[in-house]
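Undergrad: I have a structure here, written as structure tokens, and I will follow up with some questions on it.
The values are calculated or read from the model by the stated rules, or taken from the named source; none is laboratory data. Keep in mind that this is a model prediction, so the values were computed, not measured. Methodologically, a virtual Cβ is constructed for each residue, glycine included, from the backbone with ideal geometry; neighbour enumeration extends over all protein chains shown.
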Amino acid sequence: MGDPATWQQEQISLAYVLAVATHANATVASWNVDKDGVDVTLKRDHRLVELQMKCTFDPHLLADNTTHTFDLDVATYDKLRGQYRTAPGYLGLVVVPRDVAEWLSHHPESVLMQCAGFYAQIQDKPAAQGNSTKTLHLPNTQRLDSAGLDVMFDFAHHRLFGSDDVLGEAIA
């Protein structure tokens, strides 16, 4: 099939986050226009997180070979880091093989996605130096998976309520 088109990269990144969110017991709202720098809003237990999703088949790794980098445009970076956001902003990066034909493996009982996702917390980060792009680091330890979403939702709760209590305990 060859190199993917931009729209295909966008769609696989959205499919990836939908699959991960579903597995993590979160719901997903997508936006038909991302004027606020947000492609999807995830919700679980009345907590929200927002992600700008990106996809690459040509990932850039630091010398440690365990940290991806991504150059995000400053306008989107600033929208995701804004101090008055009610839901914390994140970048989600999905890494796929170069050939679109390798993205999915079809089997009689399953369909497997051949990709990996990582996240970077943008919320409360300092202003970018420069006016074009901001290089973000996405370590392999910040996987966009169920455990990663747990971290994001915990941060959202702590940011709003300033405690580590779960919502049910705070109400009780």
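Undergrad: Among (1) within 20 Å of the chain's Cα centre (by Cα); (2) surrounded by 11 or more Cβ atoms within 10 Å (Cβ to Cβ); (3) closer than 29 Å to Thr6 by Cβ, which single condition is Thr66 missing?
TA: (2)
Undergrad: So which pairs qualify, if the first residue must be in segment 140-152 and under 15 Å from Thr67 (Cβ atoms), the second must be surrounded by fewer than 14 Cβ atoms within 10 Å (Cβ to Cβ) and of a type outside the set (Asp, Glu), the Cβ gap must be under 7 Å, and the two must be at least 6 apart or on different chains?
TA: Correct list of pairs: Asn140/Thr66.
Undergrad: Another question about this same structure. Scan segment 28-48 and report the pairs whose first residue is in contact (Cβ under 8 Å) with a residue 12 or more places away in the chain and acidic (Asp, Glu) and whose second residue is part of a strand (DSSP E or B) and surrounded by fewer than 18 Cβ atoms within 10 Å (Cβ to Cβ), with Cβ atoms within less than 8 Å and a gap of 6+ or a chain change.
TA: Once the first residue is in contact (Cβ under 8 Å) with a residue 12 or more places away in the chain and acidic (Asp, Glu) and sits in segment 28-48, its partners that are part of a strand (DSSP E or B) and surrounded by fewer than 18 Cβ atoms within 10 Å (Cβ to Cβ) give Asp39/Ser30.
Undergrad: Moving on to the next point. When you look at His46, is it at pLDDT below 95 and closer than 25 Å to Arg159 by Cβ, yes or no? I'd like the intermediate steps shown before the answer.
TA: Numbers: at pLDDT below 95: yes; closer than 25 Å to Arg159 by Cβ: yes.
When the stated conditions are applied, His46 passes them.
Undergrad: Within segment 71-172, considering only strands (runs of 3 or more DSSP E) that don't extend past its boundaries, which have at least 3 residues that are buried (at least 16 other Cβ atoms within 10 Å of the Cβ)?
TA: Working: elements: 89-95, 104-107, 110-113, 116-121, 133-139.
It comes to 89-95, 116-121, 133-139.
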